[in-house]
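Read-outs: derived from the displayed coordinates by stated rules, not from any lab. All of these numbers come straight from a predicted model, not from anything done at the bench. Note: ideal-geometry Cβ built from the backbone for every residue, glycine included; neighbour counts use all protein chains shown.
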Amino acid sequence: MIVPPPNTTKEGLYFIDSDFTNVISYLVGYSEPNPLKATKFLCTSYDDSLCKAAARIDYVVHLSYCSKSTDIDCIAGLFAIKPDGTRVEGVFIHGMPDVPTNEFQGESTVGLPSSGVDGLWQIPGVIHGGGSDTYAVVSQLSSYGQTKVPGATLTNRFELMDLSAGIFPVQVLSGTFTPRKAVIQVNADGSNSVAIPGGVTNNLHTGKLCVVTSVTECAVRQRFPMDYTFGLSMRISQKISGWLHGRIQEPVISFAGNEFGTNLTIQARPVTVPIVLAWADRIDQPQVMQSWSSQAHPGRVWTAEASGATSISLLQALLPFANDSSVAEPSAWIFRTLRNGELSGSPSCILNSKTLAGFVSTNSTVYSAGPPTFNPVTESLDYKLVAPHLTSKGEVFKGVYTLGIRSDVARCIYKFTNAPIKATISVTDEAGQSSVAVESMSEHDGWIYLSASGFTFSSPTVHVKLIGTPIPEVSTAPVVTPTPTPTPTPTASSTPSLTPTTIEKPIVKKTTITCIKGKTVKKVTANSPKCPKGYKKK
């Protein structure tokens, strides 16, 4: 629990990775498509009397254990790899809670999974910081905004909006506990909303509360054995495309689409992620933070997202108020998909990908969650990170970063042939100076992996540059058709000797110019290049 400073006039901002263990399975209907204006109600199936009358339906589903080979939308396996390379398979113990607190029936014809529960597992002999080999697997699928005509049956399928999953070392406590449950809450203005009050929740800062809960057990979060690699396998009925991001190190992805959906396995090492708590008077707060409320609320603590441009700018502004240090560094093994809106501005090669295009992972407090931004000036993929320079113990915090991108997607972005690709990865600090880092690159099984580690914070930028063989440009030179030469008529006195005439195609030379518009830079290559409207030649 966060305790504000005594007699404070300040508000706090807590930078912590969002904790999806606080959300459970539920199916909700809306009286109209706009969720801000709609009346909400919880359903037991997509065609019960409530959801039948709905204009919009959303769901959140936690994935249960795959007890049969034909099960779908479930966790298929958990494993660990020892430092010597030995693989240890996890053994499923039981679900937590025993049954979903907001149980609903799925419908495969419209892509709606049934409600599920998270699970406790044993990985024999893989002892964590709590002294046991028990682990919890928490995973979540969600879909938002499936609209229909009220009273009609759904005819189109739900689209997967978000997939999140994590492995948590836990110590199981016995007692009497209250699992979380979704309810419809009436707000002060008369509107209503879905709320998940009460119960025992997980707290990443203290680590003292529950990751998952039943009526008789509470699984308390512990610290990972950091020299092990952990892996998670799942079967999903939906196709997974786009981009993954998360809190893992040196990930390896096995990804296969089939007629039933997607089989996904991710193995990676856990990372430690610094948590930042900054207290500031309203006058010192960034404008974005001030806009959250019309007046100051001394002692209140706001929570920021772990990724995105807003969180990056907030943490950059507030690090001085946190003494450029963290309050805790819990270990984590978590990954997520990006939602469609978060992919806006990405290269078309990623947007048009029908399968998983790539992923990024880091231990930075906040980061750019989407695909790296292509910098046309340096021809590099750039990626922004922000974290405190120091840990809670006053030690210099060292960063890790991994980019995995499907080889065909990388070649599409850069317009490379299938020839081998080379790459460089570098890290620069706020002043543009290189930060000391260990860098590596490999390409195998259709993926390019690049990583950097050992660099320092507060606000570095990772630069990735790929080098390959460009696809040859198709010539646009005009084709010159030679004029036929008349055939001479021989005379009796002589036979003329004909000298063939060679007609050469004109060589059209292309040139490249650089055009600028504010901070935007474009390069234009053509026979007679001109800057686009609004740009000036540099």
Roughly what would the spin-label model give for Thr417 and Asn7, points 7 Å off Cα along C-beta, in nm?
7.6
Distance between segment 215-285 and segment 427-469 - C-alpha centres, whole angstrom
21
Given points 7 Å out from each Cα along the Cα-Cβ axis, report the Ala195 to Ser348 separation in nanometres with one decimal.
4.8
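Pop the C-beta distance of Met441 and Lys82 into the FRET formula with R0 = 45 Å and round what comes out to the nearest 0.05.
0.95
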Among 134-144, 221-231, how do they line up by average Cβ neighbours within 10 Å per residue, starting with the highest?
134-144, 221-231
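At R0 = 35 Å, how high is the FRET efficiency between Thr70 and Ile127 if r is their beta carbon distance? Nearest 0.05 is fine.
Values: r = 34 Å, r/R0 = 0.99.
Efficiency for this residue pair is about 0.50.
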Just for segment 18-238, what percent of DSSP beta bridges are antiparallel, to the closest 5?
95
Using Cα centres only, tell me the gap between segment 19-98 and segment 103-127 in whole Å.
6
